[in-house]
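Q: Before I ask anything, let me first share the structure, which is written out below as structure tokens.
The values are calculated or read from the model by the stated rules, or taken from the named source; none is laboratory data. Here the structure is a predicted model, which means the values were calculated and not measured. All Cβ positions, glycine included, derive from the backbone under ideal geometry; neighbour counts span all protein chains shown. Surface accessibility is based on the protein's heavy atoms, side chains included, excluding ligands, DNA and RNA. Shrake-Rupley method; radii C 1.70, N 1.55, O 1.52, S 1.80 Å.
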Amino acid sequence: MILFRIFVPMVCLGIPLTLFGQEAESPVVEAITIEGNRVLSRGDLKLLMHTRVSRWYTIFSGVKPRRFDSAVFRSDVARIVARYGDLGYFDAVVDTVVNRYRPGFVRIRLRIEEGEPVLVFSIRLEGLPEDVAPDSLHLREALITRPGRPLTRVGREADLNLIADRLQDSGYAFAEVAAPVTRQARRADVTFRARPGPKCRFGQVRVEGNQRVSKGLIRRGLSFREGETYRKRDLLNSRHQLYRSGAFRSVSLSLSDTVAQTSPVDVDVLVRERPPRSLKLGVGYDTEEQVRGVLAWRHRNFLGGGARQLTIESEASALEAHGQIGLRQPYIFGSKTWLDVVGFVEQERPEEVRVKRTGGSVSLERMFRATGRLVFQVRTEVVDFKVDSTRTNVLIDYMEDTRDDFFDPQRGLLASLAMKMSGFGDLLKLTGEGRWYRKVFRKNVLAFRVSGGMILSLGAGKPIPNFERFFAGGANSVRGWRLNQLSPRDASGSPVGGRSLLEGSIELRTWLLPVLGVAVFLDAGNVGSDRFGAFKLSALKLAAGAGVRYLSPISPLRIDVAYRLSEDRFVPHRRIYFSLGQAF
């Protein structure tokens, strides 16, 4: 009767009856203790191990506990020793104790003696061709493997790739580099030995896989021509340019298979096209825009062969509404210049800048390297549908973008400068922005932003339209103020905008889990009523706060709580924002 009373509750709770006959199975891993480690954290070491601790929820039926496997454990130890070797600690020793302290369970202890690393004593560069040898000093300074540093596998492999890339960018298409190491006790001498092979030029280009896009247009999209000096980065840039056309799902450029390493070298271009037409329907929500809807139709090969993109798009939210039809032609003057022709109707809905416009624009976009972009645009618009309010704007905009990710950058730089002239010199508007990202303390990212602008000249007696003035505040600006509320005000207290702007933000982002993170931030900004008023540092308005980030499949979801630190009787002390994407 007593056994029955014990047995029935265990079955009802779903607890597996593994107490009886447990000795026949491998023991359950109850604990893993790691001691003596300095170079690698416990978390990093446990990630190298397949042997894991069983969790508490294994008491439920159907959840299998983590069991000890001696063969797997031996491979874990070997993996840890190899990892220390990769970091230059070739004498690292891992002592293990597997304690079967009670039937069916084990506790594991790892005692690590890391020892001292093997340090690089000297490095040599051999076999560099005459046209690359003068650059050997700069090449040495770029190497990770240097005298006084630990001898690491990752560093050597990165240096091998660096030297090979440098040679291949100088025309040596078949260059190879080896790095033999001579070790004596705790010092190592490393020799980077290059075998450059012949200096090469580009040969014929063979295009395969295209169906609707012409081979001529694909060749026009390449950043190299037959007979030019071979450079590996030209292959990478060409791949990037072909992707930007939007016509291809995949692009591959490679040297033709050949045993003979001779010049010229032929290039095979293999493409896989995307469907020519697509329809996009999207709905989103954030604190400022409320509900946003997008409907867009795109033809990626309009009129055939030339990868022209015809786009018809409409978009609406609480802040704006616009519709446009645009034609985009790639590779106008070579692979790096694009032409855009757009007709539009748009409305800005915030009370501070309420305006309706219709018109068209013509733009030329020129790429520089893989990170720079220059846009020259002429735009004519009719304001509020009044013919006597017709304006012609000329815009020149340059952007440099080295970020590693568009939605959630971890490192890199984004910088932009723009000049806009309206009418015949009636209004000249200069704006600039810089964003900088760097990883600090492993999983933390430090993000910094500064932006500003001014209106330098104005036609005599002509007022500046509100939609050209500067405003600050909002989810992507100084977050202690609501959208457009950081601004000079009129007698009634309404924001009227200004002729100068200065903003800055610093944010520390930390990912606690692979998809969940937090951030703390400090924002500062000011809008001046004259063209230099915003740049008085003593007049900057401050806000600080914290937020939560969730890494969704689309982009990070963001909730920020911001507190105003500077006095402003028109603005509440606290603001809460829900938005999609990082603040900057």
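Q: If you go through the range 465-480 one residue at a time, do you hit one that is assigned to a strand (DSSP E or B), of a type in the set (A, V, I, L, M, F, W, C) and open to solvent by 20 Å² or more (accessible area, probe 1.4 Å)?
A: Step one: filter the range 465-480 for residues assigned to a strand (DSSP E or B), giving 470, 472.
From what is left, the residues that are of a type in the set (A, V, I, L, M, F, W, C) are 470, 472.
The next check asks that each one be open to solvent by 20 Å² or more (accessible area, probe 1.4 Å); those that pass are none.
No - not one qualifying residue is present in the range 465-480.
Q: Go through the range 464-495 residue by residue and tally those that are over 23 Å from Lys420 (Cα atoms), under 34 Å from the mean Cα position of the chain (by Cα) and not aliphatic (A, V, I, L, M).
A: Looking only at that region, the number is 6.
Q: Something else: Within the group Asp286, Asp234, which residue is open to solvent by less than 30 Å² (accessible area, probe 1.4 Å), among the charged types (D, E, K, R) and either touching a residue at least 40 places away in the same chain (Cβ under 8 Å) or touching a helix residue (DSSP H, G or I) at 6+ places or on another chain (Cβ under 9 Å) (or both)? Give the steps one after another, and end with the answer.
A: Values: Asp234 fails: either touching a residue at least 40 places away in the same chain (Cβ under 8 Å) or touching a helix residue (DSSP H, G or I) at 6+ places or on another chain (Cβ under 9 Å) (or both).
Going through Asp286, Asp234 in turn, just one is open to solvent by less than 30 Å² (accessible area, probe 1.4 Å), among the charged types (D, E, K, R) and either touching a residue at least 40 places away in the same chain (Cβ under 8 Å) or touching a helix residue (DSSP H, G or I) at 6+ places or on another chain (Cβ under 9 Å) (or both): Asp286.
Q: Can I ask one more? Take the conditions under 18 Å from the mean Cα position of the chain (by Cα) and surrounded by fewer than 17 Cβ atoms within 10 Å (Cβ to Cβ) and apply them to Gly412. Does it pass?
A: yes
Q: Under the condition of being touching a residue at least 24 places away in the same chain (Cβ under 8 Å) and surrounded by fewer than 17 Cβ atoms within 10 Å (Cβ to Cβ), which residue from the range 323-339 is farthest from Ile218 (Cα to Cα)?
A: Here the residue is Leu327.
Q: Out of the range 129-140, which residues are touching a helix residue (DSSP H, G or I) at 6+ places or on another chain (Cβ under 9 Å) and either loosely packed, with under 12 Cβ neighbours inside 10 Å or at pLDDT 90 or above (or both)?
A: Matches in the range 129-140: Pro129 only.
Q: What is the one condition in (1) assigned to a loop (DSSP other than H, G, I, E, B); (2) touching an Asp or Glu at 6+ places or on another chain (Cβ under 6 Å) that Arg111 does not satisfy?
A: (1)
Q: Would you check which residues across the range 539-557 are in a strand (DSSP E or B) and touching a residue at least 40 places away in the same chain (Cβ under 8 Å) and list them?
A: Within the range 539-557, Lys541, Leu542, Ala543, Ala544, Gly545, Arg549, Leu551, Pro556 meet the criteria.
Q: In the list Leu222, Leu279, which residue meets the criterion of being of a type outside the set (Val, Ile, Thr) and open to solvent by 80 Å² or more (accessible area, probe 1.4 Å)?
A: Sole residue among the options that is of a type outside the set (Val, Ile, Thr) and open to solvent by 80 Å² or more (accessible area, probe 1.4 Å): Leu279.
Q: Quick one: which residue in Val382, Val353, Val375, Val345 is farther than 25 Å from Arg274 by Cα, open to solvent by 60 Å² or more (accessible area, probe 1.4 Å) and of a type in the set (A, V, I, L, M, F, W, C)?
A: Of the residues listed, the single one that is farther than 25 Å from Arg274 by Cα, open to solvent by 60 Å² or more (accessible area, probe 1.4 Å) and of a type in the set (A, V, I, L, M, F, W, C) is Val345.
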